[in-house]
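Every number in this text was worked out from the coordinates using simple rules, so none of it is lab data. Just so you know, these numbers come straight off a predicted model, no measurement behind them. Here the Cβ positions follow ideal geometry from the backbone for every residue, glycine too, while neighbour counts run over all protein chains shown.
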Amino acid sequence: MTASTTPGSRPRQPSLAQLRAFAAVAEHLHFRDAAADIGMSQPALSGAVSALEEVLGVQLLERTTRKVLLSPAGERLAARARTVLDAVGALIEEADAARAPFTGPLRLGVIPTVAPYLLPTVLRLVHDAYPALDLQVHEEQTASLLDGLAHGRLDLLLLAVPLGAPGTTELPLFDEDFVLVMPHEHWLAGRGDIPREALKELDLLLLDEGHCLRDQALDVCREAGRTTGAAGTTSAAGPATLGAAGLATLVQLVGGGLGVTLLPRTALRVETDRNDQLTTGCFADPAPSRRIALVMRSGAARQGEFEELAAALREALRELPVRIAA
């Protein structure tokens, strides 16, 4: 027996009905019982198994008037048939889950200057409102997150905007002001009306290259009339010689009297409570600020789901010192 083909064509593929019929016979070794198990008539089941043998080019069963036995080839292929049917069942279950909102994996990318301060609220919301959602968090810098979104490694981003990245759609969540963090003895300590122009006179400590918060701080300095060199001048006396990979280290440098820094309000309590040498000063209105948003691929299949999540997040974030986006 040889597999059925037509000249110049590939061998015919077995159908799921044929595989299902054979798997049932292999399990029960009885045509009547197998037919009843899968809801097929006995003649139809027998025909499906015969057709499978024709397609595969091997004899799967040894048929006698008294019983049905698996041939050596049938014994080998029965397990394969069951594996295929199980995989198809899993595929159908996954498709069912994909049709239901807020189920299955959601790969969320978050920048380091947002993750420690917003994730408690995000995780609590997901746990309470979307228990079937498998949230997977990836903390990376902005450039890496955008690359991951573009190439399908990530589904959704939580970061500072605007990005100006083609093929992305931003779902604004809130705006938050920047606050100056400084030692207690600093001449601006405790003030609530600091003019932006004061930045021209300060030794401002920044995060290392690659952090969007560094770029935002430099933008605030430029708006205040402070000139920056190619590498970014952060000291009134010249280029910066200090930097930090994260806000926790940056704040400790400030606590050591090495300068001042800008912190977003959501990070303020977490980062300053651990050092009693620190205090803050607020800018006069309008204070410099940043906007935080969810970012997705434009036209994403889960766009409606992401928009609903953004709306839920806006409500959950109202307890933070931010201005919720309309």
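For Ala90 and Glu223, the FRET efficiency from 1/(1 + (r/R0)^6), where r spans their Cβ atoms and R0 equals 45 Å, is about 0.25. Among beta bridges from DSSP that stay inside the chain, the antiparallel ones total about 70%. The mean sequence distance of close C-alpha pairs (under 8 Å, at least 6 residues apart), as a share of the length of segment 1-155, puts its relative contact order at 19 percent.
Taking the Cα centre of the chain as origin and assigning +1 to Lys and Arg Cβ atoms and -1 to Asp and Glu Cβ atoms, the resulting dipole is close to 1160 debye. Translational diffusion coefficient, Stokes-Einstein: compute it for segment 174-289 using the Kirkwood radius over C-alpha pairs as Rh, at 37 °C and 0.692 mPa s, and state it as an integer in µm² s⁻¹. Reported coefficient: 235 µm²/s.
Dipole of segment 16-99 computed with +1 at Lys/Arg Cβ and -1 at Asp/Glu Cβ about the Cα centre; of Val88, Ser50, Gln18, farthest Cα towards the positive end is Ser50. Simple spin-label estimate for Glu62 and Gln13 gives 3.3 nm between the two label positions (7 Å along the Cα-to-Cβ direction from each Cα). Exposed loop sites here are trypsin sites (Lys or Arg not before Pro) assigned a DSSP state other than H, G, I, E or B and surrounded by at most 14 other beta carbons within 10 Å; excluding them, the longest clear run of the chain is 154-273.
In whole percent, what relative contact order does the chain give with Cα contacts below 8 Å and a gap of six or more residues? Computed over the chain, the figure is 20 percent. Taking the Cα atoms only, what angle lies between the long axis of helix 16-28 and the longest principal axis of the chain, rounded to 10 degrees? Approximately 70 degrees, to the nearest ten.
For segment 16-99, the Cα gyration tensor yields ellipsoid semi-axes of 24, 14, 11 Å (square root of five times each eigenvalue, largest first, whole Å).
Along the Cα-to-Cβ line of Glu185, 7 Å from the Cα, sits a label point; which residues in segment 243-281 have backbone N less than 17 Å from it? Answer for segment 243-281: 253-260, 276-280.
Working from label points 7 Å from Cα in the Cα-to-Cβ sense, the Ala325 to Asp215 distance is 1.6 nm. Against the longest alpha carbon principal axis of the chain, how many degrees, from 0 to 90 and to the nearest 10, is the axis of helix 212-223 turned? For helix 212-223, the angle is close to 30 degrees. Taking the number of Cβ atoms within 10 Å of each Cβ as an exposure proxy, the fewest-first ranking of Thr83, Thr103 is Thr83, Thr103. Labels on offer are (i) 1.07; (ii) 1.60; (iii) 0.92, and the one holding Cα Rg over 2.2 N^0.38 Å computed from this structure is (ii). Over all projection directions, the Cα-based convex hull of segment 118-228 averages an area of 9.7 nm².
Only helical runs count toward this figure. For the chain, summing -39,500 (n - 2.57) over DSSP H runs of n ≥ 4 and dividing by all residues gives -13000 deg cm²/dmol at 222 nm.
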